[in-house]
1. Going by the structure shown, is A:Lys102 open to solvent by 40 Å² or more (accessible area, probe 1.4 Å), modelled with pLDDT of 90 or more, assigned by TED's automatic domain parsing to the domain that holds A:Ser159 and of a type in the set (Lys, Arg)?
2. For A:Trp5, all conditions in the list (1) open to solvent by 30 Å² or more (accessible area, probe 1.4 Å); (2) among the aromatic types (Phe, Trp, Tyr); (3) closer than 20 Å to B:Val121 by Cα hold save one; what is the number of the exception?
3. Can you name the residue in segment A:49-67 that is out of contact with any Cys (no Cβ under 9 Å at 6 or more places or on another chain) and farther than 18 Å from A:Lys27 by Cβ and is also least open to solvent (accessible area, probe 1.4 Å) among such residues?
4. Where the second residue is open to solvent by less than 60 Å² (accessible area, probe 1.4 Å) and not in a strand (DSSP E or B) and the first is over 17 Å from A:Phe50 (Cβ atoms) and lies in segment A:22-33, which pairs have Cβ atoms under 8 Å and are six or more apart or on separate chains?
5. Which count do you get for residues in segment A:24-47 that are over 24 Å from B:Ile94 (Cβ atoms) and either open to solvent by less than 10 Å² (accessible area, probe 1.4 Å) or touching a Leu at 6+ places or on another chain (Cβ under 8 Å) (or both)?
6. List the number of the failed condition for B:Ala91; all other conditions in (1) assigned to a strand (DSSP E or B); (2) open to solvent by 70 Å² or more (accessible area, probe 1.4 Å) hold.
7. Could you check segment A:4-18 and list, in sequence order, the residues that are under 17 Å from A:Leu47 (Cα atoms) and not in a helix (DSSP H, G or I)?
8. Might you check whether a residue that is under 25 Å from B:Leu68 (Cβ atoms) and in a loop (DSSP other than H, G, I, E, B) occurs anywhere in segment A:96-105?
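The values are calculated or read from the model by the stated rules, or taken from the named source; none is laboratory data. A quick note: this is a predicted structure, and the numbers were derived from the prediction, not measured. Cβ sites come from the backbone with ideal geometry, for glycine too, and all protein chains shown count toward neighbours. Ligands, DNA and RNA are stripped out before the accessible areas are found, and what is left, the full protein with its side chains, is counted by its heavy atoms. Shrake-Rupley method; radii C 1.70, N 1.55, O 1.52, S 1.80 Å.
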Amino acid sequence: MQCDWPLLGPLKWIRYVNKQVKVKAGKDEERCGWLLTVDPVSASLVLVNFKEEGGASVQVVMGHAVEEVEVLREADDETTERLQTSFLPSKTRRLDPEELRKRRGGVRGWLEKNRIPVEEEGDELRVAGVLTITAPYGPEDCCSSNQIILDRIQKLIQSVIQFQPDNPETDPESDPATTR
Amino acid sequence: MATPVSVLRLPKGPDPNCRGFDPNSPRFIALCRTSIVTSAASETDAEQLPKEQHARSVLRESFLRCLLSMTNKKVRFHLHERVKVEATFGASDIDVLNFQVSDLHTPIGVQKEALIRCQDVISFTFEA
């Protein structure tokens, strides 16, 4: 039995995100959970249930098997925050502005030391006009359409992290004084 | 039950001429109705298209990160007829039509490497 769920489209699916839903799929099987996302290609729903001892249990229901989706309630701010951050470690963890400023300065100093043109644009670093680095300025935070530059900058930043892993105070903050 | 079972038949590979998201490929037309129908609907309303594309990319990125976090974790698949199997997740293809898994525990033994067709899967679960 095919229902209309796969045909709704991204604009309708995104309205279900961050809500607690009950999904009927397969033979009289119901699953409940907080909806994290819907895959636009397969219409699959990603449901998260938080465990009492921390961590989460994730269920993904394939779009072709969905029979009914019912919204139970909306997430409050705390749950939304938890959904966005605690589950997927690849998303940015929030660092305080001072820490970010130091890191940004560190990365910028390192790039300048390597004779690479870099400018600060708000919270981002713009490298040679073609690559952007967002917080927290790690190799995974580089964005560019130029693969070669992306690769080179990522390797450079990787060596900053290995050089000074957890100590932003001794970062190239002090270096500009010695190099200039 | 932990004795590995030899592979009986290798699955047929994808058509080398098609590129996954190509909406004209026979594989896509046969199996993925979703994206085609949506694009057709929004073509009639040009204003909606950028919003739809933004929503689509946000949703897809979230889903891809979810798949990424699943790699090398034990996943329980719920298949049709209430069959449950457990395996270590490897990768998914771009259309989410097949999952590559290792150490698939089936009722007839453990498959060292396997491809699970997503049409056979109703849902799957793992611990984050």
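1. no
2. Unmet condition: (1).
3. This residue is A:Ala56.
4. Note: pairs meeting the criteria are A:Ala25/A:Met62; A:Ala25/A:Ala65; A:Gly26/A:Ala65.
5. Looking only at segment A:24-47, we keep the residues that are over 24 Å from B:Ile94 (Cβ atoms), and these are A:24, A:26-34.
Now narrow it down to the ones that are either open to solvent by less than 10 Å² (accessible area, probe 1.4 Å) or touching a Leu at 6+ places or on another chain (Cβ under 8 Å) (or both): A:31-34.
Counting residues in segment A:24-47 that are over 24 Å from B:Ile94 (Cβ atoms) and either open to solvent by less than 10 Å² (accessible area, probe 1.4 Å) or touching a Leu at 6+ places or on another chain (Cβ under 8 Å) (or both) gives 4.
6. Condition not satisfied by B:Ala91: (2).
7. Within segment A:4-18, A:Val17, A:Asn18 meet the criteria.
8. no
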